[in-house]
Each structure stands twice: as C-alpha cells, then as structure tokens.
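What follows is one structure encoded as structure tokens, with my remarks underneath.
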Amino acid sequence: MTIKVGDKLPSGNFNIMTDDGPASISVDELCGDKKVVLFAVPGAFTPGCSLNHLPSYTNLADEIYAKGVDTIACMAVNDAFVMHAWGLDRGVEDKITMLADGNGNYSVALGLDNDYSNFGMGVRSKRFALIADNGTVTSLMIEEPGQIDVSKADSILSKL
Ligand code: BEZ
C-alpha cells in the first residue's frame, strides 16, 4: 500500500556516508521530533535527477530551512558510496543529507518502488517528495512517470 498524508512513516534504515565509512541511520533518528523534507529520485547521476531535481533543492535549501525545516534528505536506491559521490559532485555540502536505500527496502515500505528495468536500472524508487512532521506525513507529491514537477523544491516550499 502506498503511503499517504496522515500516515506515520514506516520504520526502516538508510545508509549514510560518515568519516568512518557507511553507517546506518534509522528513520526514527532522521525524522523523530523534526520537520523533514524527504525527496526521492530514481537514481544518482541520471540527467533529470542530477541536473534538475537535486539542484532544485540545493538552490532553495536556505528558503526551505527558513520555514522551520530541520533536515532536507535525498533518497535513492543506490549505495552510500554512490550517494556520497553524487552529493560531492553536485555540491550539496551539508544542505542535503544523502540517503542510500541500497536494497530498495524503504522504497518498498513506502509503496513507492518502481521497476526501471527498461532503463537497465532494476527496481528503484518513484520520484516523489514528502514533508514529515515528527514522522507523520503532512504533504506528499508523487510524480507521474517521466515528470519532474510537483516534487521539486519550489513545490515543496509552497507547502511549508
Ligand atoms: C533521469 O534522467 O532522471 C532518469 C533517466 C532514466 C530513468 C530514470 C530517471
């Protein structure tokens, strides 16, 4: 079943890169007692994600944080090394937390997994963005296939 507004985020874990290498972070650690913007992309370094979706958030991060958001996080079904390298490449600095849903478990838990086998990418996440307040979803924008519109940073900003 697909997550919807009013639902609690399912429990789960991501990998993030630390100075000591990849480490696990739970959804509770990430979202508990916080306002979090979480957006998901089909894959690191793909053109739409790299040149359009992710930069929309780096460009508007300061405005989003000024609305009381504690964390902006980007998730993809990639490993932590790739997510870290992508963040460095795109200059996200400390504005965006790069989350690796390496096995796709969290995409499945949200009901937002999607088969990108036509692109040789296997099962990934749909492109979406949500706002979670203390772990409860208050806004959710899921893109139609091929679109990069309602889940971009300007759309999220308008919901805050
Ligand atoms: C993209 O450019 O964002 C993209 C390309 C192929 C599959 C999914 C996403």
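The values are calculated or read from the model by the stated rules, or taken from the named source; none is laboratory data. Values in this document were obtained by computation on a predicted structure and should not be read as measured data. Cβ coordinates were reconstructed from backbone atoms using ideal geometry, including for glycine residues, and neighbour counts include every protein chain displayed. These accessible areas exclude ligands, DNA and RNA; they are computed on the full protein's heavy atoms, side chains included. Shrake-Rupley method; radii C 1.70, N 1.55, O 1.52, S 1.80 Å.
With an 8 Å Cα cut-off and a minimum separation of 6 or more residues, compute the relative contact order for the range 1-159 in percent. RCO, the range 1-159: 31 percent.
Helix content alone sets the calculated 222 nm mean residue ellipticity of the chain: runs of n ≥ 4 DSSP H residues at -39500 (n - 2.57) each, divided across all residues, give -7000 deg cm²/dmol.
Assign unit charges at the C-beta atoms only (+1 for Lys and Arg, -1 for Asp and Glu), then state the dipole size of the chain relative to its Cα centre in Debye, rounded to the nearest 20. Write out the running numbers ahead of the final one.
Details: 12 positive and 21 negative charges, 83 e Å.
The dipole magnitude comes to about 400 debye.
When the GluC sites (Glu not before Pro) in the range 53-154 are filtered for DSSP coil states and for at most 16 other beta-carbon atoms within 10 Å of their beta-carbon, the remaining sites are Glu93.
Looking at the range 47-92, which chymotrypsin sites (Phe, Trp or Tyr not before Pro) are DSSP coil and have at most 15 other C-beta atoms within 10 Å of their C-beta? The qualifying sites: there are none.
Heavy atoms only, probe 1.4 Å: what % of the accessible area of the chain goes to carbon and sulfur, would you let me know? Let's see the in-between values first.
Details: 3590 of 7690 Å².
C and S fraction of accessible area: 47 percent.
Once the Cα-Cα distance is subtracted from the 0.36 nm per residue extended length, the Ala23 to Asn134 segment shows a gain of 37.7 nm.
The charge dipole of the range 79-151, taken about its Cα centre with unit charges on the Cβ atoms of Lys, Arg (+1), Asp and Glu (-1) only, comes to about 40 debye.
What FRET efficiency comes out for the pair Asp115/Gln147, r = Cβ-Cβ distance, R0 = 22 Å, nearest 0.05? With R0 = 22 Å, the Cβ-Cβ based efficiency is 0.80.
Comparing Thr136, Trp86, Met98 along the charge dipole axis of the range 62-160, the residue lying farthest to the positive side is Thr136, per the Cβ-charge model.
Taking all protein chains into account, the per residue accessible area for the range 47-147 stands at 46 Å² (1.4 Å probe). The alpha-carbon of Lys152 sits under 17 angstrom from the alpha-carbons of these aspartates and glutamates, leaving out residues fewer than 8 places away in its chain: Asp62, Glu63, Glu143, Glu144.
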